[in-house]
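Some notes on the structure that comes next.
The values are calculated or read from the model by the stated rules, or taken from the named source; none is laboratory data. Since the structure is predicted, the reported quantities are computational estimates derived from the model, not experimental observations. Reconstructed Cβ throughout: ideal geometry from the backbone, glycine too, with neighbour counts over all protein chains shown. Note: areas computed on protein heavy atoms with side chains; ligands, DNA, RNA excluded. Shrake-Rupley method; radii C 1.70, N 1.55, O 1.52, S 1.80 Å.
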Amino acid sequence: QVQLVESGGGLVQAGGSLRLSCTASGIISSINVMGWYRQASGKQRELVAVISSGGSSNYADSVKGRFTISRDNAKNTVYLRMNSLKAEDTGVYYCNANQRFVNYWGKGTLVTVSS
């Protein structure tokens with residue numbers, strides 16, 4: 001089992017920045033891809049950004065150029081730096097880890113961007 005704990009959410013004005021962190025614990029061997037998803041009120045959960053254990057990353061078109069995902073394998077932690085935040089970035093951000101084709105999720109952290 002893998003446990004994921006997110007932190008770093010909060011309230012920020014449009015144009016501001018936040019950094020989310022997610023630390024994995026438990027049986028963490030063979031975790032390949034880690035990433036961030038978000039869910040706005042009344043909408044489906046969507047991919048924000050993912051990163052492999054080797055450092056390859058992929059982003060949703062809506063966040064390219066504004067968000068940066070990074071990973072510290074020694075600390076079992078993945079980060080999401082969010083710049084130039086917009087009101088439409090508001091939602092609950094969930095950390096995800098894939099281990100041998102099994103997906104694990106954190107409980108989520110709320111990001112609210114005021115316009």
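Which residue is nearest to THR112 (Cα to Cα), if the candidates are limited to segment 19-39 and must be over 12 Å from the mean Cα position of the chain (by Cα) and open to solvent by 40 Å² or more (accessible area, probe 1.4 Å)?
Initially, segment 19-39 is screened for residues over 12 Å from the mean Cα position of the chain (by Cα), giving 24-32.
Restricting the remaining residues to those that are open to solvent by 40 Å² or more (accessible area, probe 1.4 Å) gives 25-30, 32.
Working: SER25: 27, GLY26: 30, ILE27: 32, ILE28: 30, SER29: 33, SER30: 33, ASN32: 29 Å.
Selected residue: SER25.
Looking at (1) on the phi > 0 side of the Ramachandran plot; (2) open to solvent by less than 60 Å² (accessible area, probe 1.4 Å), which is the one condition that is false for GLY42?
Unmet for GLY42, out of (1) on the phi > 0 side of the Ramachandran plot; (2) open to solvent by less than 60 Å² (accessible area, probe 1.4 Å): (2).
I need the full set of residues from segment 8-18 which are surrounded by 14 or more Cβ atoms within 10 Å (Cβ to Cβ) and not in a loop (DSSP other than H, G, I, E, B), in order please.
Hits for segment 8-18 are VAL12, LEU18.
Mind listing just one residue for me: the one in segment 69-115 that is of a type in the set (Ser, Thr, Tyr) and over 22 Å from GLN1 (Cβ atoms) and, of those, most open to solvent (accessible area, probe 1.4 Å)?
Residues of segment 69-115 of a type in the set (Ser, Thr, Tyr): 70, 77, 79, 84, 90, 93-94, 104, 109, 112, 114-115.
Next, from what is left, pick out any that are over 22 Å from GLN1 (Cβ atoms): 70, 79, 84, 90, 112, 114-115.
Details: SER70: 49, TYR79: 40, SER84: 62, THR90: 45, THR112: 49, SER114: 44, SER115: 138 Å².
Of everything passing the filter in segment 69-115, SER115 is most open to solvent (accessible area, probe 1.4 Å).
How many residues does segment 45-68 contain that are out of contact with any strand residue (DSSP E or B) (no Cβ under 8 Å at 6 or more places or on another chain) and surrounded by 12 or more Cβ atoms within 10 Å (Cβ to Cβ)?
Step one: filter segment 45-68 for residues out of contact with any strand residue (DSSP E or B) (no Cβ under 8 Å at 6 or more places or on another chain), giving 54, 56, 61-62, 64-65.
Next, only the ones that are surrounded by 12 or more Cβ atoms within 10 Å (Cβ to Cβ) stay: 62.
Qualifying residue count for the region: 1.
Tell me, which strands (runs of 3 or more DSSP E) wholly within segment 43-91 include 3 or more residues that are touching a residue at least 12 places away in the same chain (Cβ under 8 Å)? It would help to see each step written out before you state the result.
Details: elements: 46-51, 57-59, 67-72, 77-82.
Per the criteria, 46-51, 67-72, 77-82.
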